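One structure is given below, encoded as structure tokens.
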Amino acid sequence: MARIGVFICHCGENISATVDVAKVAEKAGKLSGVAYSVDYKYMCSDPGQTLIIDAIKEHKLTGIVVASCSPRMHEGTFRKAAEKAGINPYFCEMANIREQVSWVHPKSDATTQKALDIVRTMVEKVKKNTALTPIKVPITKTALVIGGGIAGIQAALDIANAGHSVIMVEKKPSIGGHMSQLSETFPTLDCSQCILTPRMVEVAQHPNITLYTYAEVEKVTGFVGNFEVTIRMKAKSVDHSKCTGCGTCWQKCPSKKIPDEFNEGMGFRTAIYSPFPQAVPNKPVIDRDHCNYFQKGKCGVCQKICPAGAIDYEVQDEFLDVKVGAIITATGFDLKHADFFPEYGYGQFKDVIDGMMFERLASASGPTAGEIRRPSDGKIPEKIVFVACAGSRDKAKGIEYCSKICCMYTAKHAMLYKHKKHDGDAYVFYMDIRAAGKDYDEFVRRAIEEDDVHYIRGRVSRIYEKNGKLIVKGVDTLMNGDPVEIEADMVVLATAVIANQDAETVAQRMHISYNKHHFFAEAHPKLRPVETNTAGIMLAGACQGAKDIPETVSQASASASKAIGLFSSNEMTREPIVAVVNRQAPPNFTSCTGCMLCMEVCPYHAIEREEMKDRTGNLIKVAVKVNAGLCQGCGTCVAMCRNKSIDLQGFSNDQMLSEVMALLNS
Amino acid sequence: MRIGFYPGCSLEGSSKEYSDSLFAVAEKCGIMLEEIKDWSCCGASAAHNLNHDLALALPARTLALAEKQGFEEVVIPCAACYSRIAGTKQEISNNVATRKKIERYIDLTLEADIKILTVFEFLQKYIFPVADGHIVNKLNQKTACYYGCLYSRPKETAALEQIENPMEMDKVMVKAGATPIDWAFKTECCGAGFTMSRTDIVAKLSGKIIEDAADRGAESIIVACPMCHVNLDMRRPEIKKQLNKEINLPVLFITQALGLSMGIPADQLGLNKHYVPTDKVVTCIVKKEA
Amino acid sequence: MHEIIPQHPAGTLKSQMEEATGVIVSHCYQCGKCTAGCPLNEEMDVRPNQILRMLQLELPGYEDKILSSLSIWLCLACDTCYSRCPQEVKLSQVMDFLRQESIRQHKVNPKAKDILSFHKAFLDSIKLNGKLHEVGLTIDYKLRSLNLMQDVLLAPSMMAKGKLAIFPHQVQNTKEIAKIFKRISEGTKE
Amino acid sequence: MTPLQNKVAELFENGTISLMIGYKNAINKLAVPCFIDHATQVEQLIYTPECKGNLSVYLHKAEIKQAKKIGILANIATLRSLVQLTSENQLSDIEKTVITINAQNEVLVFDNMEKVEEYVQANFPEYTEEDKKLLEQLNSMTRAERWQYWSEQFAACVKCYACRAVCPMCYCSSCTVECNQPQWIKVSSETTGNLEWHTMRAMHLAGRCINCGECGRICPVGIPVHLLTAQMNLDIEKEFGSKTGFSCNSGYALNTFKPEDKEQFIK
């Protein structure tokens, strides 16, 4: 016989202002199976919890209903109290009479009645509750870091330094990411490569880090603590265990006219190449799409001259299966390119360039050795126009968000130009200046006040070329909307930060969600900003949204700490709110008929095929079972099952129907 | 299939040579165009400046007549008429209530599913497949292809693939043996409807266009819009005053230029009707090499 | 001509405009790209982005300033503004509306007289013939605008070039066109 | 000996099958199912237009499954249900040989489901004229009239569950209607409970019914119960473009999600 205790909370005035709590407590006390009922000002307070614990002990309660706020707030609190009092915590249920009643209705009898109705449904539910035990899952204490940019590097180093092993996968031939392409960084103007390369080397040399470059994650299965990952090791055509990185091969390679991605196409590389001098590892790969040997079947120069005999044309992509406990996704971003802005002539006029190209021009390791020279004729521009928001905050072009970093890098670009060409003119067309970071606004002011960069508030309508000059047609909205026409030698567009082209594929492979612009979605924008909705998969850097280096590094460390936290115990416990397939005595074993419809609809791939066999190994029946580690308790499978063979613990069909019947039979 | 033809008012008057040359080219290639019977004016900028319903009703009447007469496609060589009629078609097919209202005004029913062809689409679809056999001359000159506003904007009815740097006319001119130049004013506004009411503005805007074309070495300007033609050709005295210099750059309709490459006599193409003499264009022509 | 100018219900200029055109004024974030690309920005007394700004703020006096501006009559409807607007504000439709409202409230800028005369003469020609009669339009326009001497030298040469017809081309049933005008003027009065 | 009997005897003799499910004559020239486990019994086998029953329903029985090598005589509806059952993973552990007789009276033997699928696709059956007429009548009714019609029909139902027993797609070892903790469907035979039962059954068969019509034919009180699922099939074919019993790996229209689906919730 059930002995249920009902505890009605006033929540200060939050509930009692509109609900007659004393009346609810009184009426609840008369419900069948209710042995004790009381109201109290703050149930979640220490005395409130003590009241519950004492009542359970004193009245030998078998289950409790706490009528107060949303279970999101205090279910854990009250379940712990129940456990302390010696009953299974899953015999504690909450009736939400705050968010669902007092906050949304005026004071009236009907409001009190609704509160009572909700209490009654939960009383009926708790009568059907069963004791549940948390699920224990072992943890593989290895992290996978996808992406070797500054985000991945930071996360990998943090986890590795905490003593756990890390596998880093980078799709390019070298780690370093976009940061390795940058010239100097705001707001301190220190050299990007100078601060980055030591970190890259540290990754390569760290005993806890295994680095796979020129590799991609092919498949992810499993669940938090127990992921199984397949990595595609793309054929490098160079045996890195033999290669010494001497560089003879790329000096002699005859395919010399391949646009150099690292220099944003403003220079050339060879078919066998290492992307930049500070690359890690600084050993080459063969770009088969541009290699004469692979395209035309002749050449083979590199193989002939390699002193280490490291060149192998026959090698194929290989697949490696690894087990990891946590995954840090740090796949980075891309920039919107090409003819995106036809009115600005990007792609049409050589001297209309984007921000990343400017970084390469300003970089000491770039194609001009750090001198700002325009791509068309190599002349040093006398006048440069910088256009902010060239693609961002532009609904018509499909990118309505702010790219966040452009205000700062545009100020930096203008400043770098002025530092190198003192008598040059720099104009910035902007809509708003968003410089909200530490020392950021000071930086922009410095560009304006000390370096005499002309900021014009207004958007550019069109850029065209005439007599070797770029005519920039804009407007000064601070001067009564007067048109402004500038004859510039070079134009730098602050193009939008966008998600990687393959972001959607990556997200689908990882089973993580993403927004309409294909940036990966965090579990909660404020309270869980580095986790995804899939437990055990964290986000770092610009794959989640545009961000600058300081923010990227903080986020990387944050996600690393999530992984380290996970690895701090040998196993983890999970709420037992998972689906189960019923079990019956042989020869039925279960009422499941193995139609597998649930398997297809399960968003977490938590349902597996199960074969029932007799002692001699003969197959008797095919059914399904739920992997409790993967199941998130969403209940989709329950809805799909025709003969109710699958049920959700803690929210079983029986419990749900009891709740409904309690309402209907009132 | 019968191809409908909507000349619009200008092609019956000030830009008769556009219509004449289009028919000459079509005839040469064996394509028949049939005028929509009893068509009326599209309302031009006057209607949409003063009354939105009228700006829909006038084009709708013509569309309804074309449908009634069984045309599946209608060629509209005038850019202004094209813009008004394509815009009307779009608005009517997007909004049932508007369609019902307009049907009441014009006392005709319409489906608004007729295909409207610009002169570029017409040339591409019907003339290009057979043109090579008819092109006997090479225009042998640098031309500036001028598209103006009405083909390129608004984006909902734009008849051009790249609205900031269209190439449709340039392709036709390459076919005719000319060398289209890359220039900056392909889709800038010429002043359009202000041709009579604000000649000063027309002179200013059209002057910039002519000047840029001349600066970049064009020997002729090619247009596909009667308003552009009037402003660029007829308003030369005002433009001369505005620029303080005389630029004798002839302005040809696209069909006139194509007609010349097909060996159609200049008179038949109406070249004698222009204000800026077109002799230079004609003298540039050489026989196409076999 | 006045009879075919639509009648609008009461409400602020902004709310009437938004209802009639579907354009939402708050979408404009004042980047100024419309003004930057406008071929006549230099001639305008109130710049395109400023017209939207005034509609956004709705401060006293702004409605009059908009409706009596020359800018709304200078707009050529070339749509350069809309085609490049990052927020897809259909400014040309706003201008169409404002012109009609300016006539209705008798606030047409005196400097726009010629432009309005031309539009009216144009529509009258259509109302009469179903098609535009250029000679008729020219004479009508000259009478309305009193620009009697303008283009006097042009007409004979146009006629000589066969570019002008002395007698109008007409649609077969000109009454049909007149009826459409009548129905619209009645319809818009409702 | 008919060609069918010869063929089946041959299959027994060469060890292809150890149990044959077919039809035999009963009184009043009715065809009833028969189960043969030896070549000597093949002379009972008949195949006449009366052989309408859907024999695939027996494949779920534990006793039949024990036979290991099963031969089954299949009319077109049975073939279709075999295809549908395969797509629902119900026949993967049964070794079966499928025998049918085509329009030219030739005996065809299929040793795998691909061939069955091919045959079904080439000979896909239409609805009978009678069913078409009835559906048309039902569809021309107003909603209220239709409710009235079915209420009257189901008032006569005695809940004998023959419709379920004869249905090859009702293969659950325990049916929801018998689930009593919680009890979803009223068990007593009265109109509301009857409507509940038939509505639930129709929903469970939505997009799965293979239109054999057995449920309607078997009903002792003559309710055309098969029309419910027949109409549902038409709707699903229209909405999702999928036919039942047409492909062995088509997936189920009501739980298949595609990126191009117009609903946004899955994205």
- In the set A:Ile135, A:Ile195, A:Ile139, which member is without any contact (Cβ under 8 Å) to a residue 24 or more places away in the chain and either assigned by TED's automatic domain parsing to the domain that holds A:Ala542 or over 23 Å from A:Lys438 (Cα atoms) (or both)? A:Ile195
- Task: Identify the residue in the range C:139-175 that is among the aliphatic types (A, V, I, L, M) and more than 30 Å from C:Lys111 (Cβ to Cβ) and, among all such residues, is farthest from the chain's Cα centre (by Cα).
- Result: C:Ala160
- State which residue pairs qualify: first residue within 13 Å of another protein chain (Cβ to nearest Cβ) and in a helix (DSSP H, G or I) and inside the range D:161-189, second residue buried (at least 16 other Cβ atoms within 10 Å of the Cβ) and among the charged types (D, E, K, R) in any location, beta carbons under 6 Å apart, and separation of 6 or more residues or different chains. D:Thr176/A:Lys644
- Item | Residue that is farthest from the other protein chains (Cβ to nearest Cβ), among those in the range A:591-621 that are part of a loop (DSSP other than H, G, I, E, B) and hydrophobic (A, V, I, L, M, F, W, C) | A:Ala606
- Go through the range B:97-129 residue by residue and tally those that are under 29 Å from B:Glu161 (Cβ atoms), within 14 Å of chain C (Cβ to nearest Cβ) and surrounded by fewer than 15 Cβ atoms within 10 Å (Cβ to Cβ). 0
- Query: Taking the condition within 14 Å of chain A (Cβ to nearest Cβ), surrounded by 23 or more Cβ atoms within 10 Å (Cβ to Cβ) and over 17 Å from the mean Cα position of the chain (by Cα), does C:Cys81 pass?
  - Reply: no
- Message: If I filter the range B:209-217 for residues that are buried (at least 18 other Cβ atoms within 10 Å of the Cβ), out of contact with any Leu (no Cβ under 9 Å at 6 or more places or on another chain) and in contact (Cβ under 8 Å) with a residue 12 or more places away in the chain, do I get at least one hit?
- Response: yes
- Message: Quick check on the range B:154-174. Is at least one of its residues part of a helix (DSSP H, G or I), crowded, with 19+ Cβ neighbours inside 10 Å, in contact with a Pro (Cβ under 6 Å, 6 or more places away or on another chain) and not β-branched (Val, Ile, Thr)?
- Response: yes
- Message: I need the helices (runs of 4 or more DSSP H) fully contained in the range C:69-180, keeping only those with at least 1 residues that are at pLDDT 80 or above.
- Response: C:71-74, C:80-84, C:91-104, C:113-129, C:134-145
- Task: Report whether or not A:Asp647 is of a type in the set (Asp, Glu), within 9 Å of chain D (Cβ to nearest Cβ) and either without any contact (Cβ under 8 Å) to a residue 24 or more places away in the chain or within 25 Å of A:Arg574 (Cα to Cα) (or both).
- Result: no
- Task: Please determine, by comparing only the residues of the range C:88-133 that are at the interface with chain B (Cβ under 7 Å from one of its Cβ atoms) and over 21 Å from C:Ala77 (Cβ atoms), which one is surrounded by the fewest Cβ atoms within 10 Å (Cβ to Cβ).
- Result: C:Lys131
- Could you tell me which residue of the range A:308-318 is nearest to A:Cys253 (Cα to Cα), considering only residues that are surrounded by 11 or more Cβ atoms within 10 Å (Cβ to Cβ) and not acidic (Asp, Glu)? A:Ile311
- What residue, among those in the range A:583-627 that are more than 15 Å from A:Ser645 (Cα to Cα) and among the polar types (S, T, N, Q), is modelled with the lowest pLDDT? A:Asn618
- B:Leu63: passes all of (1) at pLDDT 90 or above; (2) in a helix (DSSP H, G or I); (3) closer than 15 Å to B:Met227 by Cβ but (3)
- Query: In the set A:Ser45, A:Ser32, A:Ser37, A:Ser68, which member is in contact (Cβ under 8 Å) with a residue 40 or more places away in the chain and more than 23 Å from A:Thr133 (Cα to Cα)?
  - Reply: A:Ser68
- Item | Test for B:Leu50: is it farther than 30 Å from C:Lys161 by Cα, of a type outside the set (Val, Ile, Thr), within 13 Å of chain C (Cβ to nearest Cβ) and free of Cβ contacts under 8 Å to residues at least 24 places away in the same chain | yes
- Message: So A:Ile167 passes all but one of these: (1) surrounded by fewer than 21 Cβ atoms within 10 Å (Cβ to Cβ); (2) in a strand (DSSP E or B); (3) under 21 Å from the mean Cα position of the chain (by Cα). Which condition number does it fail?
- Response: (1)
- Item | Members of the range D:214-226 that are surrounded by 20 or more Cβ atoms within 10 Å (Cβ to Cβ) and over 15 Å from D:Ala156 (Cβ atoms) | D:Glu214, D:His226
- Note on the structure: The residue from A:Ala639, A:Ala623, A:Ala662 that alone is in contact (Cβ under 8 Å) with a residue 60 or more places away in the chain and either within 21 Å of D:Tyr252 (Cα to Cα) or hydrophobic (A, V, I, L, M, F, W, C) (or both) is A:Ala662
- May I ask you to say which residue of A:Lys379, A:Lys323 is assigned to a strand (DSSP E or B) and either assigned by TED's automatic domain parsing to the domain that holds A:Tyr514 or surrounded by fewer than 24 Cβ atoms within 10 Å (Cβ to Cβ) (or both)? A:Lys323
- Task: Can you tell me which residue within the range B:106-146, out of those that are aromatic (Phe, Trp, Tyr) and out of contact with any strand residue (DSSP E or B) (no Cβ under 8 Å at 6 or more places or on another chain), is farthest from C:Glu176 (Cα to Cα)?
- Result: B:Phe128
- Query: For the range B:212-290, list the helices (runs of 4 or more DSSP H) that sit wholly inside it and hold at least 1 residues that are among the basic types (Lys, Arg); which are they?
  - Reply: B:236-243, B:279-284
- Given (1) over 23 Å from D:Ala155 (Cβ atoms); (2) in contact (Cβ under 8 Å) with a residue 40 or more places away in the chain; (3) surrounded by 15 or more Cβ atoms within 10 Å (Cβ to Cβ), index of the condition D:Asn233 fails: (2)
- Message: If C:His169 meets every condition in (1) facing chain B (nearest Cβ under 9 Å); (2) closer than 19 Å to B:Val202 by Cβ apart from one, which number is that one?
- Response: (2)
- Query: Restricting attention to the range B:49-70, and to residues there that are closer than 14 Å to B:Asp38 by Cβ and more than 21 Å from the chain's Cα centre (by Cα), which single residue is surrounded by the most Cβ atoms within 10 Å (Cβ to Cβ)?
  - Reply: B:Arg61
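Results for (1) under 29 Å from D:Cys209 (Cα atoms); (2) touching a Lys or Arg at 6+ places or on another chain (Cβ under 6 Å), shown as yes or no for each residue.
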position: D:Glu13; (1), (2): no, no
position: D:Ala39; (1), (2): no, no
position: D:Gln44; (1), (2): no, yes
position: D:Ser56; (1), (2): yes, no
position: D:Lys68; (1), (2): yes, no
position: D:Leu73; (1), (2): yes, no
position: D:Val83; (1), (2): yes, no
- Top-ranked residue in the range A:481-490 [being out of contact with any Pro (no Cβ under 6 Å at 6 or more places or on another chain) and under 24 Å from A:Ser376 (Cβ atoms); ranked as nearest to the other protein chains (Cβ to nearest Cβ)]: A:Val484
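The values are calculated or read from the model by the stated rules, or taken from the named source; none is laboratory data. Since we're looking at a predicted model, the values are computed, not measured. Every residue, glycine as well, gets a Cβ built from its backbone with ideal geometry; the counts of neighbours run over all protein chains shown.
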